[in-house]
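To keep things clear, I will list the structure first and then write my remarks on it.
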Amino acid sequence: FQELLTHKRLLGIAVFIFLFTGISAFLYATQKDLLVDYSRAERKQLLGSVELATNILTIVLGVFATNRIARKFGMAATLSLVPFVVALLLLLLSANPAIMLVLALQVARRAGNYAITRPAREILFTAVDREARFKTKPIIDVAVYRGGDVFWIWLIALLGDGWLDLGLPSLLCVAASVAVAWGIVGVYLGRRHERSEEEEIPAS
């Protein structure tokens with residue numbers, strides 16, 4: 001924990017993942033609320049279609065887009081692309097929170113994460129020294145990731161049914177602001193990584 005809290009790059013990665021778990025929590029909560037009126041068979045069919053579409057899109061993006069995006073636009077754009085797209089889609093969704101739009105956004109978010117954001121995020125660890133990486137990665141992958149799930153579910157409950165009694169459109173606007181913060185952290189991490197790579201290239 002001391003290594004994580006005193007290492008700016010690793011702390012940035014932890015915040016990036018923490019914000020990612022927030023978007024996941026908001027979307028799953030929205031999905032759950034909108035699916036409540038569907039039968040068990042209908043929910044099974046819809047969620048099965050989401051899994052199929054996610055897997056197909058992940059493969060297509062991974063094969064044809066991921067490397068091209070990273071090489072052409074750099075790490076900052078690669079890390080922030082999905083967060084900013086998700087933020088825009090959440091704002092559009094807040095105006096019309098329909099289940100099919102939520103499921104389409106789930107497909108875009110998950111496939112984008114699997115094919116673009118996560119591979120780029122893992123590259124960030126290559127710029128961290130071996131000892132710090134092996135000390136902190138389990139904390140980030142377990143404590144931050146799973147702890148983030150718990151935190152965001154509690155926050156959504158407080159904002160919705162509890163403290164502020166916000167409706168679904170308002171909750172989706174909060175989620176969009178979290179996605180924007182997620183993207184900003186991605187830009188910061190990407191630019192920091194690009195600078196470190198430039199510094200390692202010897203002057204000719």
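Before moving on, here are some points about what is shown:
- Search result, residues across segment 44-81 that are without any contact (Cβ under 8 Å) to a residue 40 or more places away in the chain and open to solvent by less than 60 Å² (accessible area, probe 1.4 Å): Gly48
- Residue within segment 105-128 that is modelled with pLDDT under 90, among the aromatic types (Phe, Trp, Tyr) and over 15 Å from Phe20 (Cα atoms) present: yes
- Count of segment 91-130 residues, restricted to those that are open to solvent by less than 50 Å² (accessible area, probe 1.4 Å) and within 25 Å of Gln45 (Cβ to Cβ), is 16.
- Any hit, segment 136-158, residues being closer than 25 Å to Leu93 by Cβ, in a helix (DSSP H, G or I), modelled with pLDDT of 85 or more and in contact with a Leu (Cβ under 6 Å, 6 or more places away or on another chain): no
- Cross-chain or 6+ apart pairs with Cβ under 8 Å, segment 120-142 first and aromatic (Phe, Trp, Tyr), then surrounded by 12 or more Cβ atoms within 10 Å (Cβ to Cβ): Phe125/Ile13; Phe125/Arg133; Phe125/Lys137
- Check on Tyr28, surrounded by 16 or more Cβ atoms within 10 Å (Cβ to Cβ) and of a type outside the set (A, V, I, L, M, F, W, C): yes
- For segment 1-23, filtering for residues that are open to solvent by less than 10 Å² (accessible area, probe 1.4 Å) and more than 17 Å from Phe125 (Cβ to Cβ) leaves 3.
The values are calculated or read from the model by the stated rules, or taken from the named source; none is laboratory data. Fair warning: this is a prediction, and the values are worked out from it, not measured in the lab. A quick note on method: Cβ atoms are made from the backbone with ideal geometry, for glycine too, and the neighbour counts reach across all protein chains shown. Note: areas computed on protein heavy atoms with side chains; ligands, DNA, RNA excluded. Shrake-Rupley method; radii C 1.70, N 1.55, O 1.52, S 1.80 Å.
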